[in-house]
């Protein structure tokens, strides 16, 4: 059996043929796919980015009340210290601490034995003086008759007449002494000078008190109506008066005042401004304003710290911009972005006066009809075309956000 071995170059030739076939297939596939890819890139462009949506508020002119919150203290409408007017030992206390007392109500009794004795002594002296006046008057009458016939000298008559006048004067003096003794005895019964709520008693029965002591026995305060004394800087008052003089602000007559209590709640009853002090406190540069508030439930206590929200005036035809639409540049200047012509963003430098609620009073840089951007400000640049719409988070009044 004869075995034929393959030629030495047959394996290499077969490998070259396989590579040639694969290369031809790849070339054919590329010839088909590449035109399609090139044709697609030439016929379609990537979509342009959509205009960002922003929330806008259409500005209008409005009339706004200028309010201010000022610190203040509550004071009682009437305050009276209960003090002794005579010296003595307290015998009884006739009231309950913290209760309501009426004017004239008996509060304390002081031991009155010494004053009753003094009254009796004064009454006795008055009786003696009245008895003396009769004798001196009769003697003066007799001497008047005797001097007519020269039975007595004129000097004797003059002495008798003077004695009669002195007796009458002594009666008047003794009557005054009786009244003084009666008054002192009455002062041993200490009564309430005003109606109101009485505080704690600083002295107990058995204590010695006097008219010259520094401490009162107790204090009565009338609190059915209370004062609220608030302080305002003189500069704010001058600014307000100048604005009123220029016509930019009108006075708000009879405007109510609201109170913010220490726990943050609002007192439900409105108060009224009574007057402003006529002098400025040189130590603080402020002026005291006084308001009155009804206090039927006794919620407001004297000495309590409160904040009073009062209306200073009415400003007409102003631009109110939501605070969300006002920002600050690196130099600290107030700026705002508005939607201008062709829906492009414009930046404005503005000037603001004060905040009213959640808005700024804008004095320059914005006008009625401007569409202020209040939402979507992040990464927004001037000249960017935007899609304005109603804001989602900012509450706007009727007619805004169109």
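The values are calculated or read from the model by the stated rules, or taken from the named source; none is laboratory data. Remember, it's a predicted structure, so these values are computed and weren't measured experimentally. Note that we place each Cβ from the backbone using ideal geometry, even for glycine, and neighbour counts take in every protein chain shown.
Just a few scattered comments:
- The one condition from (1) outside any loop (DSSP other than H, G, I, E, B); (2) in contact (Cβ under 8 Å) with a residue 40 or more places away in the chain; (3) over 30 Å from residue 287 (Cα atoms) that residue 86 does not meet is (1).
- Exactly one residue among 31, 103, 48 is more than 53 Å from the chain's Cα centre (by Cα), at pLDDT 60 or above and not assigned by TED's automatic domain parsing to the domain that holds residue 294, and that residue is 48.
- Matching strands (runs of 3 or more DSSP E) fully within segment 289-357 where at least 2 residues are within 20 Å of residue 373 (Cβ to Cβ) and over 29 Å from the mean Cα position of the chain (by Cα): 326-328, 334-339, 345-349
- In segment 91-100, the residues that are in contact (Cβ under 8 Å) with a residue 12 or more places away in the chain and either surrounded by 13 or more Cβ atoms within 10 Å (Cβ to Cβ) or within 35 Å of the chain's Cα centre (by Cα) (or both): 91, 93, 94, 95, 97, 98, 99, 100
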